[in-house]
Amino acid sequence: DVKVTQSSRYLVKRTGEKVFLECVQDMDHENMFWYRQDPGLGLRLIYFSYDVKMKEKGDIPEGYSVSREKKERFSLILESASTNQTSMYLCASSFRGRGTGELFFGEGSRLTVL
Amino acid sequence: GENVEQHPSTLSVQEGDSAVIKCTYSDSASNYFPWYKQELGKRPQLIIDIRSNVGEKKDQRIAVTLNKTAKHFSLHITETQPEDSAVYFCAASWAYGGATNKLIFGTGTLLAVQP
């Protein structure tokens, strides 16, 4: 079974803190994605990566950065957390150039910024 | 960029009835249209997908139809059961040779199947 693991299920941070959300997949997927899920807004793409050290902006990259130093790991960084970044964050991965294109999601990290 | 609109936002049906969820997309280059189901407290999971060279695809009680001219696609669930209750997301992307470009999701439909 594909496994996408997010390091923290629940986090509570204060405004201005630096936040790291980690995601690891064990299926040798080339693609990795970070989405944000908010009620009524669906899943919005923050950043994605096709390969190690490669990153591309999604639809809402402002206030976020990412790091992909190893193929299996994709980190989302909030340099200075703000209350409007309180949300559920979902990591996903998929094959590139092979397979069905199916996204495999992690269980999510619920972040609250006070 | 791609924009996906999804309707309705909530849908309540009686067990055994059919449910239909509709999505429209903006980018005519999009050629891959998956549907994901997210049960309460769980991760989204792919339930069915369709590519632009196909007009309809069926898998047991679920089916997806695609109208490329009108740029809309729909999910049909027949003989609904309580376990079909979940949030359903449509999505669209441009995919070439099995690779998947970024998936853009709709805003989701909360389906409630009343016993």
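Things to note:
- Long-range lysine pairs (8 or more apart or interchain), chain A, Cα under 17 Å: 6
- Here r is the Cβ-Cβ distance between residue A:60 and residue B:54 and R0 is 35 Å; the resulting FRET efficiency, rounded to 0.05, is 0.65.
- Counting only DSSP beta bridges whose two residues both lie in chain B, roughly 90 percent are antiparallel.
- Among A:3, B:71, sorting on how many other beta-carbon atoms sit within 10 Å of each Cβ, with the fewest leading, yields A:3, B:71.
- Spin-label model, residue B:28/residue A:3: points 7 Å from Cα along the beta carbon direction are separated by 4.7 nm.
- Sequence of B:17, A:28, B:84 once ranked by neighbouring C-beta atoms within 10 Å, starting from the fewest: A:28, B:17, B:84
- In plain terms, the residue of A:33, B:33, A:104 with the fewest other Cβ atoms within 10 Å comes first and the most crowded comes last, giving A:104, A:33, B:33.
- All other residues whose Cβ lies under 12 angstrom from that of residue B:35 are scored, Lys and Arg at +1 and Asp and Glu at -1, for a net of 0.
- Residue of A:21, A:11, A:90 that the Gaussian network model of chain A assigns the largest fluctuation, springs spanning Cα pairs under 10 Å: A:11
Read the figures in this text as sums done on the coordinates, not as results from a lab. Because the structure is a prediction, the values reported are computed rather than measured. Note: ideal-geometry Cβ built from the backbone for every residue, glycine included; neighbour counts use all protein chains shown.
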